[in-house]
């Protein structure tokens, strides 16, 4: 009778392998969170911006960023859509938009949740055309004459200028706007309380986007009174310049 083979200790190996996988997954998640920390805080920033700035017309959402891990991305996108729906229902007088939108699916979710316009970081022809086909206003991101002409070809004359300060700021916008007399710009990226007056004073600027009112340290410390104060100051600057 042949000798029975000894069973390999699969249970122990499986447990060790499982523990290793968990460690690797935790390490991967930690690295991902560190790499995307700024985007995550911007995501939270815009949520608070919606909550504390009733006079702000442009309401952004980081639809492409997950809060806890990349594995929860789909659920988070849905939660953003739910919040957008709640905002439009609770504050019907607000002109609510959604950004940053990167895909047609994200645009559809935002529109279904009540978004009245879509903002994209760059000029994605597929996303832009999808919004046009759905009859929703889209404000695509541009930073070159070529992209401006792509927008004009689609019948779009209001564009997001991004990243504003890194691309040359107000002086660059004035230079690039010269031949495109019908185009209006919404600069974002590097806008602050120190320079927003200058941007708003230029009549080709339709609006500005910025997160200086809702900085990460204020969010982490729960200093909502300070956030409210900064939002009110921002609203006062707009009123001062634009009346």
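For the reader, a short list of remarks on this structure follows.
- Residues of the stretch 146-179 that are on the phi > 0 side of the Ramachandran plot and in contact (Cβ under 8 Å) with a residue 24 or more places away in the chain: 169 alone.
- Pair list, Cβ < 7 Å and 6+ apart or interchain, from the stretch 189-205 residues that are free of Cβ contacts under 8 Å to residues at least 24 places away in the same chain to residues that are in a loop (DSSP other than H, G, I, E, B) and surrounded by 15 or more Cβ atoms within 10 Å (Cβ to Cβ): 192/210
- Some residue of the stretch 34-50 being outside any helix (DSSP H, G or I) and modelled with pLDDT under 95: yes
- Hey, residue 173 under 23 Å from residue 101 (Cβ atoms), part of a helix (DSSP H, G or I), at pLDDT 95 or above and over 15 Å from the mean Cα position of the chain (by Cα) or not: yes
- Residue in the stretch 180-200 that is part of a helix (DSSP H, G or I), under 20 Å from the mean Cα position of the chain (by Cα) and surrounded by 14 or more Cβ atoms within 10 Å (Cβ to Cβ) present: yes
- When residue 152 is tested against (1) assigned to a helix (DSSP H, G or I); (2) under 21 Å from the mean Cα position of the chain (by Cα); (3) within 22 Å of residue 101 (Cβ to Cβ), exactly one condition is not met: (2).
- Residue 231 vs. criteria touching a residue at least 60 places away in the same chain (Cβ under 8 Å) and either over 18 Å from the mean Cα position of the chain (by Cα) or more than 22 Å from residue 110 (Cβ to Cβ) (or both): yes
- Residues (more than 26 Å from residue 174 (Cβ to Cβ), buried (at least 16 other Cβ atoms within 10 Å of the Cβ) and in contact (Cβ under 8 Å) with a residue 24 or more places away in the chain) located in the stretch 117-145: 127, 130, 131, 136
- Within the stretch 159-170, restricting attention to residues that are in a strand (DSSP E or B) and touching a helix residue (DSSP H, G or I) at 6+ places or on another chain (Cβ under 8 Å), the residue that is surrounded by the fewest Cβ atoms within 10 Å (Cβ to Cβ) is 159.
- Enumeration of residues in the stretch 210-224 that are under 21 Å from the mean Cα position of the chain (by Cα) and either in a loop (DSSP other than H, G, I, E, B) or within 15 Å of residue 236 (Cα to Cα) (or both): 210, 211, 212, 213, 215
- Residues (out of contact with any helix residue (DSSP H, G or I) (no Cβ under 7 Å at 6 or more places or on another chain) and crowded, with 21+ Cβ neighbours inside 10 Å) located in the stretch 85-116: 97, 99, 100, 111
- Qualifying position, being surrounded by fewer than 20 Cβ atoms within 10 Å (Cβ to Cβ) and out of contact with any helix residue (DSSP H, G or I) (no Cβ under 6 Å at 6 or more places or on another chain), among 243, 210: 243
- Top-ranked residue of the stretch 134-143 - restricted to ones that are farther than 12 Å from residue 185 by Cα and assigned to a loop (DSSP other than H, G, I, E, B), ranked as nearest to the chain's Cα centre (by Cα): 136
The values are calculated or read from the model by the stated rules, or taken from the named source; none is laboratory data. For clarity, every value in this text was computed on a predicted model and none was experimentally measured. Cβ atoms come from the backbone with ideal geometry, glycine included; neighbour counts cover every protein chain shown.
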